[in-house]
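First comes the structure, then the notes that go with it.
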Amino acid sequence: MSTGKTSEKQRRELLKPMHEAVACQHARTVDAMVLDFRSMRKGLHDIIGLRYGGDCYDTDSRAQGWLETLIIIQAQLESLTSKETPEKSWWRLSKALPALCRQVGQGTIRERIGEHRAHYDRLASKLHRDGDPELPKLIRSYDIAHAHQITLAELREAGATKRHLTSIDPESRQERNQKDYEKRRAKTGAVPQSERTKTRETDDFALDVGCSGRTVRDKLKSGKLLNWLEKRGWKGDFQKVHHLISLYNDDEDFGENRRAPKVARPPVMEPSPIEVKRTSLDTALKDMVTVGTA
């Protein structure tokens, strides 16, 4: 006769699907993080190649900073997947920084990776005790960007904008959305905002003068707009005329005619220096062990 109580075996059978689902979700999270850090590593290799014109053969403090960053990434990957073996880690590090890796030595690098892996295990144990399913990260793209002063122009030139890296001067969300919006409109054949602004202001000016917008554009193209307005005896605001001419100064169709008066442009202001922020990675760089100095 059934007592209505669930045995331990039955309870395990009931919880088995939930445990399998959690394990599957954890595996997907690990795989996604592995892909992210591998992509980040590839982006850093590209930036190093851009700065040094190929592999870095320097052994100065900057090269040591790059090595420490790549060591942390390799420790993260070795903690996440067994496919990142010590042999592969040494090969990848010595490929990007051959001279410094030979100077430091494989044994010292393995010790540094072991220290970071032990730190990862401590962080993972703490998150597990707190019931947090998130996986720890030994390093973040923000720290890398500020430690190595990576700019947005560098990321674009190295082709690393989609490598899970950031820069010290990232675009705002509004700027990115505006560029994406203009790209989508260009694909559909829509006229860019700058061209629509030219057309609107040209047509508004034509209404003030009392002619068609096409006439104003023809006079702009021939460089005779000012003379034509003087002959018509136009008594309007000539600041509008100069503003309209400045809109077309950069236009390829109008740039060939040198008679079009050029409006003086304001001087270009030098960008203010970017503040260098100290991060946890700067402290880690001080612990870098250099072999061969004795």
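For every residue, the table says whether it meets (1) crowded, with 17+ Cβ neighbours inside 10 Å; (2) under 16 Å from Ile139 (Cα atoms); (3) not assigned by TED's automatic domain parsing to the domain that holds Lys162.
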site	(1), (2), (3)
Ala27	no, no, no
Arg41	yes, yes, no
Leu44	yes, yes, no
Ile48	yes, no, no
Tyr52	no, no, no
Ala63	yes, no, no
Leu67	yes, yes, no
Ile71	yes, yes, no
Gln74	yes, yes, no
Confirm whether Arg217 is at pLDDT below 85 and part of a helix (DSSP H, G or I). yes
Exception for Leu229 within (1) modelled with pLDDT of 85 or more; (2) under 30 Å from Lys183 (Cα atoms) falls at (2)
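For Thr166, indicate whether it is in the same structural domain as Lys42 (by TED's automatic domain parsing) and surrounded by 14 or more Cβ atoms within 10 Å (Cβ to Cβ). Lay out the reasoning, then the answer.
On the way: in the same structural domain as Lys42 (by TED's automatic domain parsing): yes; surrounded by 14 or more Cβ atoms within 10 Å (Cβ to Cβ): yes.
For Thr166, the condition - in the same structural domain as Lys42 (by TED's automatic domain parsing) and surrounded by 14 or more Cβ atoms within 10 Å (Cβ to Cβ) - is met.
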Looking across the range 128-153 at residues that are in contact with a Ser or Thr (Cβ under 7 Å, 6 or more places away or on another chain) and either charged (D, E, K, R) or modelled with pLDDT under 90 (or both), the single one that is surrounded by the most Cβ atoms within 10 Å (Cβ to Cβ) is Asp143
List the helices (runs of 4 or more DSSP H) inside the range 45-157, counting only whole elements, that have at least 2 residues being over 26 Å from Thr29 (Cβ atoms) and among the hydrophobic types (A, V, I, L, M, F, W, C). 61-80, 86-96, 98-104
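From the list Ser194, Ser172, Ser125, pick out the single residue that is modelled with pLDDT under 85 and under 30 Å from Gly65 (Cα atoms). I'd like the intermediate steps shown before the answer.
On the way: Ser194 fails: under 30 Å from Gly65 (Cα atoms); Ser125 fails: modelled with pLDDT under 85.
None of the other options fit; the residue is Ser172.
The values are calculated or read from the model by the stated rules, or taken from the named source; none is laboratory data. All values reported here derive from a predicted model rather than from experimental measurement. Using ideal geometry, Cβ is built from the backbone for each residue, glycine included, and neighbour counts are taken over all protein chains shown.
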